[in-house]
Every structure is written in C-alpha cells, then in structure tokens.
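> Below is the structure I would like to discuss, written out as structure tokens.
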Amino acid sequence: MNNLFPVQREGVWGFINNIGKITIELKFNEAQNFSEGIAGVLTDEGWGFIDESGRYLYLPQFNGAEPFFEQVARVRLEDCWGFVDLVGNVYSLPSEYIEVGRAFSQGLVLIGTSEEKYGYINKLVEEVIQPQYDYGDPFSENLAAVHIGGWPGGRWGFIDFSGQLVIKPSFDKVLEGFRQSLARVSYRDEVIYIDRTGSRVDDIKAVCSRNSSEGLATISVRNRWGYASIHGDVVIEPIFESAYPFCEGLAAVQVTNRKWGYINKMGETVIDPKFDHASCFSHGLALVDVGNSEGYIDKRGIYVWKSFV
C-alpha cells in the first residue's frame, strides 16, 4: 500500500495516497501522520488509532494521543498518562508520574514526579532509572543527557542505561543527542561537538559525516547556509537564509525574499521559491503552505492536494 498523508478540507480530516487520491474518508476532527503503520485520529468520542486500511486498532476513547514509536504510543487516560501497544494492551502510569516523555527511545522513556525529579521507565512501566535528575532527554546511542544541579544553574551531562554518569555535567545545554558518536552541546556560550568521552571534536570531516543526509551535510558560514560532503568539502555554496537536509534527492532552502523552494544536489533550483513554509519530501510528497492555504506537492512542484486553513 502507498504511504498515506493526512489532509483536511473545511476542518474535516482524512488521508490521501501519494498521487492525491483519498484513501481514507474525510470524517475525523483531526488526524496525525502514520507512524509504524498506525495513525492517531480524533472524533467527538476522543482519540483512537487506525491502520492504513482505516480499520480501528483502538476505538476513539483517549483524551490525547501521540504517534507510535518502538511499537508503543503515549495516550492520556481519564486521570493519568498511559501507553498502548500494537496488540491491544493499555498500560496506566502510577499517579505520582505527573509528566512523561512523548515517545520511547531505546526501550526507555522519561518520567517526572511531583517532586520535580526525573528518571526513566521501560515499556512494562517498570522504573529502570529512579527519578533523581532535574530533567532528561531521550536515549540515543546508549546515552541520555540529564540536567543536574538545580534550576537556575546546574549543568548537563550524560548517563548510561544504569543511570551512571559517564560524561560529567559541564554543559550549558544539549542541543542534539549522540549520532555517529558525536553530540552537539553549548559550552560556555559556544556551540561545539563532543565525543563519547565528553571531549571537544573540531574535526570537520567527523562533524559533516554526523550531520549528513544522503551524502551531504548542512553547513553555516556567517549566517548563510549551504552543503558540504561527508569529507567536509563545500559542494553547494552557503548562500541560503536557511536550509533543510536532503530527502529523496531534494532539499528545501529559504532564499533572501524569505520564500522556500527546492534544490537538487548540484545546487540547481528544481522548484521555484514561492512557499511561506516547506518540509522535506517523504514518499514523493512534501507539505508546503502559502498564505492561508496548505497542501502537498510532488517533485515537479505540482499540487496533488490543496486546502485552506
């Protein structure tokens, strides 16, 4: 089955395929993107989940819902947070957990208590790392950023799955977790990359390799954006106001008139900059908007669906 995209017309939501054909009737109050083959939909009865045939996995009943990740989705129950899985199980979280992360990552999700301390639980709602931090980020590459030392002040460091600090708290902010063994952090008001020991990394090749998408990485030079190869060589000169990663051979870029368009890997304009906002291509379509209208375009820049918001 083709991947499906949520669309709305006059406030009523449904789904189209990548040629713009309605495949699930417009009948919902709201609809989310499909994730892991499941999408959240809102009716007068609450949030539920459907599969790509439009069949309900969970009937509308929840006060809130998030997309599925790692085969689990966060939901808001009557008086607490919970999770649902793909086989019909609903897990309620203890009432002392007044905050919970939006999605599991590497099998764990952040929880917060009324004492404003944070830890991590697994998919069976078992406490794996007891609440003890000021805040925390999702795990990535077996490490999670946590804040220690109170607010204001305090610093960010990194823990492993046992809750052991493996990178001491010394950073002002953690901007991105680990990917290809590098994390992006703010240290003494400077944005830098660090390795898994917490040491600064200035190797442009390593940084570009980490940030690359389809072989090219976004780079910023004097507040202008362009693209470099994974070896750090400039491929597309930094001339754009802003730039997104390459997806399916095209990248959304913002030019000096604040409009967004799309370029190819040669830096050639493929779709003229005429959109107020633009997104990455996925399964042949990209969501764009102009003024009070939004819709999906194909790689020729032709709308397959357009509606007013």
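None of the figures in this text is laboratory data; all of them are computed from the coordinates on show. This is a predicted model, so every value here is computed, not measured. We place every Cβ from the backbone using ideal geometry, glycine too, and count neighbours over all the protein chains shown.
> At 222 nm, what value in deg cm²/dmol follows for the chain if DSSP H runs of at least 4 each add -39500 (n - 2.57) and the sum is divided by all its residues, to the nearest 500? If you can, show how the numbers build up before the last one.
Details: 1 runs with 8 residues, N = 309.
Value at 222 nm, helices only, nearest 500: -500 deg cm²/dmol.
> Taking just the alpha-carbon atoms of the range 1-87, what radius of gyration and Dmax come out, in angstrom?
12.5, 42
> Among DSSP beta bridges lying fully in the range 197-292, give the percent that are antiparallel, nearest 5.
100
> State the volume of the convex hull built on the alpha-carbon positions of the range 18-175, expressed per residue in Å³ and rounded to an integer.
138
> Can you pull out the cysteines in the chain that have no other Cys Cβ under 4.7 Å?
So far as the 4.7 Å Cβ criterion goes, CYS80, CYS208 stand without a partner in the chain.
> Show me, for the range 210-223, the HN-Hα J-couplings you get by feeding each phi into the Karplus relation (A = 6.51, B = -1.76, C = 1.60, θ = phi - 60°), rounded to Hz, glycine and proline as x.
Each residue's phi maps through the Karplus curve to give 4, 8, 6, 9, 6, x, 10, 10, 5, 10, 10, 10, 6, 6 Hz.
> Do any GluC sites (Glu not before Pro) in the range 160-267 lie in a loop, going by DSSP, with at most 16 other beta-carbon atoms within 10 Å of their beta carbon, and if so which?
GLU214, GLU241, GLU248
> Here's another thing I want to ask about it. For the chain, what value does the Rg/Rh ratio take when both radii are computed over Cα atoms and Rh is the Kirkwood radius, given to two decimals?
Over the Cα atoms of the chain, Rg/Rh equals 1.00.
> Further, regarding this structure: Counting just the Cα atoms, what span does the range 107-222 cover along each of its three principal axes? Round to the nearest Å and put the largest first.
44, 32, 22
> Still on this structure, please answer the following. Just how large is the dipole of the chain about the Cα centre, in debye to the nearest 20, putting +1 at every Lys and Arg Cβ and -1 at every Asp and Glu Cβ?
920
> In a GNM of the chain with a 10 Å cut-off on Cα contacts, which of SER105, SER170, SER293 has the highest mean-square fluctuation?
Taking springs between Cα atoms under 10 Å, the residue moving most is SER293.
> Spin-label point model (7 Å from Cα, Cβ direction): what's the THR269 to VAL90 distance in nm?
About 5.3 nm separates the two model spin labels.
> Given Cα pairs under 8 Å that are at least 6 residues apart, what percent is the relative contact order of the range 204-309?
14
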